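Each remark here refers to the structure printed beneath this line.
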Amino acid sequence: MNTPLRRLSVVAFVLFATLLASTTWIQFASAGDLRADSRNARTILADLSRERGPIVVGDDPVVTSVPVEDRFKFQRTYTDGEVYAPVTGFYSLVYGATGIEGAESRLLAGTDDDQFFTRFADTVSGREPRGATVELTIDPAVQQAAWDALGDQRGAVVALDPATGDVLAMVSKPSYDPQSLAGHERSAVVAQWQALLADEGDPLTNRAIGGNLYPPGSVFKIVTAAAALESGRYQESSVLPGPAVLDLPQTSAGLPNSSGTACGPNEETTLTDALRISCNTAFGFLGMELGGEAIKEQADRFGFDTDLRIPLRVSQSTIPDDLNEPQEAQTGIGQYETRVTPLQVAMVSAAVANGGELMQPNLVRRVVAPDLDVLRSSSPTSMGEPISPETAAALNRMMQTVVSDGTGRSAQIDGVAVAGKTGTAQHAEGQSPHAWFTAFAPADDPQVAVAVVVESGGTAGDEASGGRTAAPIAKAVIEAVLAR
Amino acid sequence: MVTVSEHAPRTRRNVELVLLVLAVAISAGAYGLVGAGVNGEWPAQLYLYGAGFAVLSLVVHVTLRLRAPYADPVLLPIAVAINGIGLAMLHRIDLARVGNDDFSPLAPRQLMWAAIGVGLCTAVLWLLRDHRVLRRYTFTAMVAGLALLALPMLPLIGTEINGARIWISLGPFGFQPGELAKIVLTVFFAGYLVTQRDNLSLAGRKVLGLHLPRGRDLGPILIAWMASVGVLVVERDLGTSLLFFGVFVAMLYVATERVSWILIGMGLFVGGAVIAWRIFDHVNARVAAWLDPFDPAVYDRELGSSYQLVQGMFGMSNGGLVGTGFGRGMPTLVPYSESDFIFAALGEELGLAGLFALLCLYMVLVQRGFRTAIGVRDGFGKLLAAGLAFTIALQCFVVAGGVTRVIPLTGLTMPLLAYGGSSLVSNWIIVGLLLRISDSARRPAPAVQQQPPDAGATQVVSLGPGASAGTGSAGPDDDATTNLRKGGSP
């Protein structure tokens, strides 16, 4: 009987080998898919029952996990939720996580690979695991100033430190309170979510870095001017044609100035003056002279058409290819199909302010483990030099004239040289234009670069312009930075 | 090769003692880690618990020293370790459920059943001096086994729980007689087959290289088949049905060495399974849940949903390679994580590594059982040991295979591991029987020896089929007198 016994023992071995294989299949090979299944409550339940790390702005946490007496043990709690929502995002049992809550979720939860040894030590010592603290670059005073200055208008504000790329403020309105989505009662969370989705103000969209991108309008003239200076064919004092209406080839339509008048005597203007008074015809002319290729190339060096994470994902600002001449002229003044995020506009100003070097925007200053071990620390990272130092200096001077004696006078600050550019972007028939303003200050030692967009003219409506509507907001943000 | 070894065969009881210390340490350690993982501190009763486990183990160990000194030294430590890991997991599930409305802790009850099981295992070793005694009760065992199987079908005491009518209630206690029937019927199969094997293996025609049995010899397998189909139909217990029939066919094969029995058995099983699948809704639902568990229609439906299966897989995936650690997973999200799905619960908290270790423990346990079957000299012992070992293997496969989607899910539990008094007690009795048989297998031959074998070939052959019991003139029990220590294991 021993032969069949041996065979039977082999059968038993095969049975167990099958189990080893099937167990491996579930726990290793297909584990990722199983964890990602939306019916698997474990992933988020596990995070919820762990003490998620706080998100700190300045010296104070704006998001914390507070112990509660329910099955999840901790309640995510947001301070000034609406003000910081575009930065922090939400953390929901039902809808997952966005913003920093989403981008740094694993670090906050303590499940990042970097935290392996901490976890191991916690397991060995039986300590409750805790997530890491994420410290942001946001300055609470600047954030609050931007929030207050934007008022009840729809739009966004982004403020950068030009030398480091640190995001000092990022505001988007209308906003929402992430607290309303952080509840542990599923039905209540679903109801809140439905209400936010139904809100025609689209509060869940972070207008500063995403959503439906904006046409930049005249703030794009900084890019066109940069391309002109970089080409070597133009200087600040170069004389350009500046008629009331620029004749466009291949079409009967012309490109008019918004004032309806010429930009200077003899229908001529200099490059500096063209920027100062935002002369459409001169920049339309430049657009055709430089060509779509050169402008796109310049824009791309400022960060257009590039994937960017700060670490929140930033929508790509885009500029079209293969333009005909009228489209080149439109593109030269920031119309046609060019689309930008407010962050991208702030990056252009920041690069000018920083002597031509563009720093990678960044929201996270440090990530600190519960044992105060610094897991990550940001260091300024260059994205290259979109313009030469000479071009940057020239643009700096030109942009100062915009504020001192041009369309951006409402951004003037006593005793501080402010450099800026207005924009008033047409975006749809019958709707008021978007009001733009971007600036940096002090011009000789820039501490902040800012971009402001007020959708559809804000409270000013048809009367809105970048200078009147958006510049005061930028001024308030700059003052908040300089008051530090 | 030629000389029969003269030095005294070693009992290996000290090896067993060392392994037992390890097994108790694993059990107590697991229990301690549960407390540490869930509550952040070592449980207060840890020493008491460890001491209790040590005492239970020592009782069996001392019994073995006195009553079965040559018993296999690995069986007991493995059984203790598996039982201990299971208890730790139950304790962990208890801690997760503290505060629930109808909470009553499982671990203390399981510990009580473990004590009873160990007691019965000890009793087997004390009272049953020679396993061959059991052969006298072959037909008593048949009657008892069938009666046990039929008990849940009786009115009054039979109870239906979760659609399976496999319980009887005796006052406050519920019991699954099927678990005991498993042992009793294995005794019957062994006794019956050892007598009938000549008929079953020699008679019949050869067709296409395959020995086919005579028509009238098909009787027993048909009866076993009908019994298992009966269990399936009346008690709605897929697992037990599959287990009985599988063990019977395996033993039939061992007894007859005829592959044809396996083919016939598998044919009958597949036929029965297909018919059951076509006719019975609950079988059909189980198969659908097995084939397409992630289909929302299957997952969300009221009856026969794949919810439990899928939740178990979620739990296992959550464990990954090394597991979340005791207390860090969420095994209670899976229904019946204490019994049917304890395999998934362990997978979540101990990871793939933990399950590999566990499956290896079972595998070694089973292989030691087969080793015993190969080593023991009498045919009855061989069949009984093989039957019991294969029962453990097949039961593991049916349960864990169900949880990991190798086969449709059935209602059995992991031997020695899962919550359930009947199962735990029965498996400890199986361990006792295997220990008893292994003692005979490894015991040195009687002092009066036959002529020493004259050629090395004899020894080689003696391990092979040619010299195995019953193929020659030697009767089933006669080969007990052979002087060769077969299967003397290290």
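The values are calculated or read from the model by the stated rules, or taken from the named source; none is laboratory data. Predicted model, so just to flag it, every value in this text is computed and none were measured. Backbone-built Cβ (ideal geometry, glycine too); neighbour counts: all protein chains shown.
Residue A:124 - would you say it is over 18 Å from residue A:75 (Cα atoms) and modelled with pLDDT of 95 or more?
On the way: over 18 Å from residue A:75 (Cα atoms): yes; modelled with pLDDT of 95 or more: no.
Criteria not met by residue A:124.
Being buried (at least 24 other Cβ atoms within 10 Å of the Cβ) and basic (Lys, Arg) is the filter here, so list the residues in region A:219-251 that pass it. Correct list: A:221 only.
Flag set for residue B:317, criterion: facing chain A (nearest Cβ under 9 Å) and either surrounded by 24 or more Cβ atoms within 10 Å (Cβ to Cβ) or in a helix (DSSP H, G or I) (or both).
Among the listed residues B:365, B:383, identify the single one that is facing another protein chain (nearest Cβ under 8 Å), part of a helix (DSSP H, G or I) and closer than 24 Å to residue A:12 by Cα.
Working: B:365 fails: facing another protein chain (nearest Cβ under 8 Å).
Of the residues listed, the single one that is facing another protein chain (nearest Cβ under 8 Å), part of a helix (DSSP H, G or I) and closer than 24 Å to residue A:12 by Cα is B:383.
Which ones in region B:370-380 are more than 7 Å from chain A (Cβ to nearest Cβ) and part of a helix (DSSP H, G or I)? Of everything in region B:370-380, those that are more than 7 Å from chain A (Cβ to nearest Cβ) and part of a helix (DSSP H, G or I) turn out to be B:371, B:372, B:375, B:380.
Would you check if residue B:103 is more than 29 Å from residue B:195 (Cα to Cα) and in a helix (DSSP H, G or I)? Taking the combined requirement at face value, the residue does not satisfy it.
Restricting region A:266-303 to residues that are among the basic types (Lys, Arg) and in contact (Cβ under 8 Å) with a residue 60 or more places away in the chain leaves a set whose member that is surrounded by the fewest Cβ atoms within 10 Å (Cβ to Cβ) is A:301. Pull up region B:231-242, narrow it to residues that are within 17 Å of residue B:167 (Cα to Cα) and in contact (Cβ under 8 Å) with a residue 60 or more places away in the chain, then point me to the one that is surrounded by the fewest Cβ atoms within 10 Å (Cβ to Cβ). The selected residue is B:234.
Looking at this structure, is residue A:375 buried (at least 20 other Cβ atoms within 10 Å of the Cβ) and out of contact with any Ser or Thr (no Cβ under 7 Å at 6 or more places or on another chain)?
On the way: buried (at least 20 other Cβ atoms within 10 Å of the Cβ): no; out of contact with any Ser or Thr (no Cβ under 7 Å at 6 or more places or on another chain): yes.
Against the criterion (buried (at least 20 other Cβ atoms within 10 Å of the Cβ) and out of contact with any Ser or Thr (no Cβ under 7 Å at 6 or more places or on another chain)), residue A:375 does not qualify.
Looking across B:255, B:250, one residue alone is under 19 Å from residue B:406 (Cβ atoms), small (Gly, Ala, Ser), within 14 Å of chain A (Cβ to nearest Cβ) and surrounded by 20 or more Cβ atoms within 10 Å (Cβ to Cβ). It is B:250.
Considered as a group, the residues in region B:36-50 that are part of a helix (DSSP H, G or I) and closer than 21 Å to residue A:73 by Cα include one that is nearest to the other protein chains (Cβ to nearest Cβ), and that residue is B:36. Only one of the numbered conditions (1) surrounded by 20 or more Cβ atoms within 10 Å (Cβ to Cβ); (2) at negative phi is violated by residue A:74, and that is (1). For residue B:38, the conditions (1) over 15 Å from residue B:107 (Cβ atoms); (2) modelled with pLDDT under 90 all hold with the exception of (1).
Hey, does region B:326-338 have a residue that's within 10 Å of chain A (Cβ to nearest Cβ), out of contact with any strand residue (DSSP E or B) (no Cβ under 6 Å at 6 or more places or on another chain) and small (Gly, Ala, Ser)? So far as region B:326-338 goes, yes, one or more of its residues are within 10 Å of chain A (Cβ to nearest Cβ), out of contact with any strand residue (DSSP E or B) (no Cβ under 6 Å at 6 or more places or on another chain) and small (Gly, Ala, Ser).
In the set (1) in contact with a Ser or Thr (Cβ under 9 Å, 6 or more places away or on another chain); (2) within 14 Å of another protein chain (Cβ to nearest Cβ), the condition left unmet by residue A:85 is number (2). In the condition set (1) part of a loop (DSSP other than H, G, I, E, B); (2) closer than 24 Å to residue A:172 by Cα; (3) touching a Gly at 6+ places or on another chain (Cβ under 8 Å), residue A:453 is compliant with all but (1). Could you say whether any residue in region A:52-61 is in contact with a Gly (Cβ under 6 Å, 6 or more places away or on another chain) and modelled with pLDDT under 95? Yes, there is a match, as at least one residue in region A:52-61 is in contact with a Gly (Cβ under 6 Å, 6 or more places away or on another chain) and modelled with pLDDT under 95.
Remark: pairs (first residue in region A:434-452, crowded, with 24+ Cβ neighbours inside 10 Å; second residue charged (D, E, K, R); Cβ separation under 6 Å; 6+ apart in sequence or on different chains) = A:434/A:455; A:438/A:421. Within region A:318-339, not a single residue is among the hydroxyl-bearing types (Ser, Thr, Tyr), part of a helix (DSSP H, G or I) and modelled with pLDDT of 95 or more.
Do you know which residues across region B:299-308 are touching a Pro at 6+ places or on another chain (Cβ under 9 Å), assigned to a helix (DSSP H, G or I) and within 11 Å of chain A (Cβ to nearest Cβ)? Within region B:299-308, B:299, B:307 meet the criteria.
If the condition is being more than 7 Å from every other protein chain (Cβ to nearest Cβ) and of a type in the set (D, E, K, R), then region A:7-36 contributes A:7, A:33. Of A:438, A:401, all but one fail to be under 18 Å from residue A:147 (Cα atoms) and among the polar types (S, T, N, Q); the exception is A:438.
Residue B:131 fulfils the conditions (1) under 26 Å from residue B:83 (Cα atoms); (2) modelled with pLDDT of 85 or more; (3) surrounded by fewer than 20 Cβ atoms within 10 Å (Cβ to Cβ) except for a single criterion, (3).
Summed over region B:204-263, residues that are closer than 22 Å to residue B:286 by Cβ, among the small types (Gly, Ala, Ser) and modelled with pLDDT of 80 or more total 3. Within region B:328-362, the set of residues being crowded, with 24+ Cβ neighbours inside 10 Å, part of a loop (DSSP other than H, G, I, E, B) and touching a residue at least 60 places away in the same chain (Cβ under 8 Å) comprises B:337, B:338, B:340, B:341.
Listed conditions (1) modelled with pLDDT of 90 or more; (2) touching a Ser or Thr at 6+ places or on another chain (Cβ under 8 Å); (3) under 27 Å from residue B:35 (Cα atoms) are all met by residue B:375, apart from (3).
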